[in-house]
Amino acid sequence: MMELLPLGPLAWTVVIAYLCSLIGVGYIARRARRDNTLADFYLGGRGIGFVVLFLTLFATTYSGNTFFAFTGSIYRQGFVFIYSLHFMLAIVVVYQFFAPALKRLADRRGYVTPVDYLQDRFDSRLLSVSCALVMCVALSNYLVAQLMAMGRAMEGLATVDPAVAFAFGVIALALIMVIYGTLGGLRAVAWTDTIQGVLLLLGLAALLVMLFRQFGSL
């Protein structure tokens, strides 16, 4: 892969310090937990505010897809692929038909995962396990895409052999995520995503300004 923007020593120092700080955020999130329960670990104590929730959903949805997948496909296929963004937004619209009622029910019954609702509604162990496996398979596809995006980013930013950079990016960054996720659960994920969501917004805003300065107005 061509070296698009290799980083210098100072830039790498900043990047490494930032990645290490994410583990620190995970430790702080662990200290902030209210009790040692699955609900606190997987739901952040059910106390994630609107701003944090918005930024973590933003960073999760528009991350590697934004910088690698969608941009490359739009470049190759043209304007028609921009409509794919509406497919992702449509998910949020569809949520509004059932999510508010499910949220109220989850608060009353103490659900932790979607499978808890299915078990409560249908009382079928086989159905619950099957749905959990289906969701894991569906999410694994998204996980692989994000791991590939991390590897590709490392390829473009490093000056070493591309294969080595790709493997290092996948393994090192995935290990960091596992560490802070294990330490602080969803609370750590939400807080680190909030930081990354802010950086993503700032980066996209700066990119928009550079595009206007380079190519003129819309």
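The values are calculated or read from the model by the stated rules, or taken from the named source; none is laboratory data. Quick caveat, the model's predicted, so the values are computed rather than measured. When we count neighbours, we look across all protein chains shown, and the Cβ atoms used for this are built from the backbone with ideal geometry, even at glycine. These accessible areas exclude ligands, DNA and RNA; they are computed on the full protein's heavy atoms, side chains included. Shrake-Rupley method; radii C 1.70, N 1.55, O 1.52, S 1.80 Å.
Of everything listed in (1) open to solvent by 40 Å² or more (accessible area, probe 1.4 Å); (2) part of a helix (DSSP H, G or I); (3) within 22 Å of residue 195 (Cβ to Cβ), the single unmet condition for residue 100 is (3). Looking across the range 120-136, the residues that are surrounded by 12 or more Cβ atoms within 10 Å (Cβ to Cβ) and touching a helix residue (DSSP H, G or I) at 6+ places or on another chain (Cβ under 9 Å) come down to 120, 122, 124, 127, 128, 129, 131, 132, 135.
For the range 140-175, the tally of residues that are under 22 Å from residue 72 (Cα atoms), in a helix (DSSP H, G or I) and not polar (S, T, N, Q) stands at 22.
Condition test on residue 162, is it under 26 Å from residue 42 (Cα atoms), out of contact with any Ser or Thr (no Cβ under 6 Å at 6 or more places or on another chain), modelled with pLDDT of 85 or more and not small (Gly, Ala, Ser)? Criteria not met by residue 162. For the range 137-188, residues that are open to solvent by 70 Å² or more (accessible area, probe 1.4 Å) and basic (Lys, Arg) total 1.
Taking each residue of the range 37-66 that is under 14 Å from residue 113 (Cβ atoms) and among the aliphatic types (A, V, I, L, M) and looking for partners that are assigned to a helix (DSSP H, G or I) and open to solvent by 30 Å² or more (accessible area, probe 1.4 Å) with beta-carbon atoms closer than 8 Å, six or more apart or interchain, yields 39/46; 43/186. Residue count for the range 122-132 satisfying the condition of being of a type outside the set (S, T, N, Q) and closer than 19 Å to residue 38 by Cα: 2.
Of 187, 125, which residue is of a type in the set (D, E, K, R) and either at pLDDT below 90 or under 19 Å from the mean Cα position of the chain (by Cα) (or both)? Explain how you work it out, then say what you get.
Values: 125 fails: either at pLDDT below 90 or under 19 Å from the mean Cα position of the chain (by Cα) (or both).
It is 187.
Close Cβ contacts (under 9 Å, 6 or more residues apart or on different chains) running from residues in the range 99-121 that are without any contact (Cβ under 8 Å) to a residue 24 or more places away in the chain and within 12 Å of residue 39 (Cβ to Cβ) to residues that are open to solvent by 80 Å² or more (accessible area, probe 1.4 Å) and among the polar types (S, T, N, Q) are absent. Taking the range 1-86 and the helices (runs of 4 or more DSSP H) fully enclosed by it, the elements with 2 or more residues that are open to solvent by 80 Å² or more (accessible area, probe 1.4 Å) and under 30 Å from residue 107 (Cα atoms) are at 9-31, 38-43, 50-61.
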